[in-house]
1. For region 236-248, name all the residues that are under 23 Å from residue 315 (Cβ atoms) and surrounded by fewer than 16 Cβ atoms within 10 Å (Cβ to Cβ).
2. So in region 330-349, with the set limited to residues that are closer than 15 Å to residue 270 by Cβ and open to solvent by less than 10 Å² (accessible area, probe 1.4 Å), which one is nearest to ligand 2 (Cβ to nearest atom)?
3. Regarding residue 216, is this residue under 22 Å from residue 122 (Cα atoms), within 20 Å of the chain's Cα centre (by Cα) and modelled with pLDDT of 95 or more?
4. Taking residue 375, is it modelled with pLDDT of 95 or more, in the same structural domain as residue 244 (by TED's automatic domain parsing), closer than 30 Å to residue 135 by Cα and away from ligand 2 (no atom under 16 Å from the Cβ)?
5. I'd like the residue in region 261-318 that is open to solvent by 50 Å² or more (accessible area, probe 1.4 Å) and of a type in the set (S, T, N, Q) and, out of all such residues, is farthest from residue 338 (Cα to Cα).
6. Select from region 202-215 the residues that are surrounded by 16 or more Cβ atoms within 10 Å (Cβ to Cβ) and farther than 26 Å from residue 190 by Cβ and list them in ascending order.
7. What are the residue pairs meeting all of these: first residue in region 352-365, first residue assigned by TED's automatic domain parsing to the domain that holds residue 314, second residue aromatic (Phe, Trp, Tyr), Cβ atoms under 6 Å, and 6 or more apart or on different chains?
8. Assuming residue 244 fulfils every condition listed in (1) at pLDDT below 95; (2) over 24 Å from residue 135 (Cβ atoms) apart from one, which condition is it?
Amino acid sequence: MFNPIVVNLLSLFVIRVLAQASPQTIALTARVPQVGKSVRRRALGPTTVPLLDFFRGTDLQWYGNISVGTPPQSVSVVFDTGSSSLEFASTLCGQACSHQTQFDPSKSSTFVDGRTTSSITFSTGVGVDPVVGANYKLTLRSARDTVSVGGLQAGAVNLFLITDQTPAFNIDPFSGIQGMSATAQGFFASLINQGLPSLFSMFLTPNAIGNAEMTIGGIDSTKFKGTPIFASLPAGTSSIWRLTSPRLSVNGKTTSVLNVQRSIIFDSGTSNILFSTSTTEAIYALISPDIKANAAEPGTYGIACSRISSLPAVIDIAFTSQSGVPFNLTIPSSELSVGPFANDPSICQTLINAFDGLDLVGGSVLKHYYSIWDIGQRRMGFAPV
Ligand SMILES: *[C@@H]1O[C@H](CO)[C@@H](O)[C@H](O)[C@H]1NC(C)=O
Ligand SMILES: *[C@@H]1O[C@H](CO)[C@@H](O)[C@H](O)[C@H]1NC(C)=O
């Protein structure tokens, strides 16, 4: 899920209502060295959280459990590199969240109500049809409670209870979203402060393979072969995971529109790919002239389902490693179809949506690589799986 308020690329999408809490602040407890004793910082070790794949004809999002409150209540969340806060369904949401497991704040002795209400609108949904808009809106109430992830206790962190949501969320098999942005927030900032290495890794395998996982504070080198290749985030302190790409190629060819530098956002909470209209149409022109915009769903494209599986559609996104070595992240042809459109099931939606002002890739790329999200060194690593 991508909440572009943090990008501020398009005023059109600055729709998060800013009655909301300020950026997360985590209370830091100073370590006081005891006189006469040597102080050794005891680092936390990495931990691995199993993930399930939200699959509806195609792989959409990967989610796992965190524990919230005292005694702990299990809350399932999408680990979403495209956003930065933690929000999940609560008993305050009632009927609107009846499809989700709801956290009950009255049963947690460590729960602190922050009383600030806000709303958040995600600009990118998942799966077929939805692209844009207010159909992904959460109403939130700020709070603070203890969170643990993969057995690591983060202590009290700022979070948001979902108090209302639009029906677009009803199909979600999880209760909320844990933002995993490029500046550590929430539980992750707290764990890093306790000595956990400031990186996490994702193994977002397709549904057919299973055993997806996220390792917090480390890398699970049993999940890939060879050495990961790392690329640096742009200079600065942005919370957005993005890398500069010099070029896109389709089936081994590029064009003047595609052979252009762009800054690509990596969003584990989005399945489809978003490129500007000109880029989207230049890519489709190299796949088939019969891929057409679907006027019923602005930004989406499709072609007869009977034809889609035979179309060659290998997309190479070029990057440059920290040591100057070019490499591609490659999306195979099998990703082209995201399934039949709701308004016309004979037409299958194709992977790339037009969305001017945003270049964004997600699960359809990430499931082909073991990915390392290195906050401390401001870089991303990839290894083929
Ligand atoms: C989350 O925990 C529930 C039980 O509380 C379990 O049934 C479910 O499989 C867990 N989900 C994941 C992704 O581990
Ligand atoms: C990346 O993909 C393009 C297009 O297929 C290809 O020409 C190029 O050699 C690839 N680069 C690397 C480093 O593999």
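The values are calculated or read from the model by the stated rules, or taken from the named source; none is laboratory data. As the structure is a prediction and not an experimental result, all values here were calculated from the model. Note that we place each Cβ from the backbone using ideal geometry, even for glycine, and neighbour counts take in every protein chain shown. For accessibility, only protein heavy atoms count, side chains too; no ligands or nucleic acids. Shrake-Rupley method; radii C 1.70, N 1.55, O 1.52, S 1.80 Å.
1. If we filter region 236-248 for residues that are under 23 Å from residue 315 (Cβ atoms), which is where we start, we get 240-248.
Scanning region 236-248 gives 244, 246.
2. Restricting to residues being closer than 15 Å to residue 270 by Cβ and open to solvent by less than 10 Å² (accessible area, probe 1.4 Å), the top hit is 331.
3. Values: under 22 Å from residue 122 (Cα atoms): no; within 20 Å of the chain's Cα centre (by Cα): yes; modelled with pLDDT of 95 or more: yes.
Criteria not met by residue 216.
4. It is false that residue 375 is modelled with pLDDT of 95 or more, in the same structural domain as residue 244 (by TED's automatic domain parsing), closer than 30 Å to residue 135 by Cα and away from ligand 2 (no atom under 16 Å from the Cβ).
5. 261
6. Applying the first criterion (surrounded by 16 or more Cβ atoms within 10 Å (Cβ to Cβ)) to region 202-215 yields 202-207, 212-215.
Selection gives 205, 206, 207.
7. That search, which allows pairs on different chains as well, returns 352/275; 359/275.
8. The one condition residue 244 does not meet is (1).
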